[in-house]
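Asker: Quick one: this structure, given as structure tokens, is what I'll be asking you about.
A short reminder: the numbers here are calculations on the coordinates, not readings from a lab. Model, not experiment: these values are computed from the prediction. Neighbour counts are summed over all protein chains in view; Cβ atoms, including those assigned to glycine, are modelled from backbone coordinates with ideal geometry.
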Amino acid sequence: MPFSPAAERQYIHTRQVTCHGFRRTDGLWDIEGHLADVKSYPFASEHRGLIDPGDPVHDMSVRLTVDDSLTVQAIEVYTVKSPFHRCGDITGLFQQLIGLSIGAGWTRAVRERLGGPRGCAHLVELLGPVATTAFQTIYPILARERADRDRAIVEGGGGGGGTERPALLDMCHIFASNGTFVRSHWPEHYTGERKTDE
């Protein structure tokens, strides 16, 4: 459903976040995020002089390289444009994320290492959609490949079948362990009430 009709208004600002996920030939995954902020009006910057409408105030990128378990193997961070010349000085500290796994506690762990004066607010914020893009990139591919392997084992007479905990389990209300989707698709992980004839 679209928004309701807007009140009369003036366009001021756009923040654009774009993320891409890639499977590498070496078995790892690259997840790239880009953030750009632009204004609809010119303004003076102490460090950059006049910033014209459409010229990014912030132009920043992150590349996380992760393995199948979403553990960070490498990170690259670039600040192309920012309001202050020294904004990019902090990018080396993002190497502290190597070894962390994207999953429960990711945001807290990132903020512990790079929050406030220890990092860049914009790049830290960008790591949120980069993390969800990693999940959206990697999980469906690995799940499909796992299902194909399980099907091949069953068809080959080897028994099997996946009982591994699905990564999506309890990620949102659709995948609640006591919900209808889980009962239908992953019954071995269903925690809700079972019918008496089950």
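Asker: For Ser45, what residues show an amide H to amide H distance below 5 Å, using hydrogens built from the backbone and excluding near sequence neighbours?
Answerer: Counting only residues 5 or more places away or on other chains, the set is Leu50, Ile51.
Asker: Would you mind finding the longest exposed-site-free stretch of the chain, with exposed chymotrypsin sites (Phe, Trp or Tyr not before Pro) meaning DSSP loop and at most 16 other Cβ atoms within 10 Å?
Answerer: Result, exposed sites excluded: 85-198.
Asker: Mind checking which of Ile12, Ile75, Ile31 has the largest fluctuation in a GNM of the chain, springs on alpha carbons under 10 Å?
Answerer: Result: Ile12 has the largest fluctuation of those listed.
Asker: Right, another one. Within the chain, which is the longest segment containing none of the trypsin sites (Lys or Arg not before Pro) that sit in a DSSP loop and have at most 10 other Cβ atoms within 10 Å?
Answerer: Longest site-free region, per DSSP loop and neighbour criteria: 25-193.
Asker: Here is a follow-up. Select from Ala147, Ala109, Ala131 the residue whose mean-square fluctuation is largest in a Gaussian network model of the chain (Cα-Cα springs shorter than 10 Å).
Answerer: With Cα springs under 10 Å in the chain, the top fluctuation among Ala147, Ala109, Ala131 is at Ala147.
Asker: Here's another thing I want to ask about it. For the stretch 11-79 and the stretch 89-120, compute the distance between their C-alpha centroids and round to whole Å.
Answerer: What the calculation gives is 16 Å, centre to centre.
Asker: Between Leu142 and His13, what is the FRET efficiency for a Förster distance of 41 Å, r being their Cβ-Cβ separation, to the nearest 0.05?
Answerer: 0.60
Asker: Cα-Cα pairs above 28 Å in the chain: how many percent? Present the calculation step by step, with values, prior to reporting the outcome.
Answerer: Values: 9140 of 19503 pairs.
Value for the chain (Cα pairs over 28 Å): 47 percent.
Asker: Shifting gears a bit: What residues qualify as long-range amide H neighbours of His58, i.e. H under 5 Å apart, gap of 5 or more or another chain, H built at 1.01 Å from N?
Answerer: Asp37
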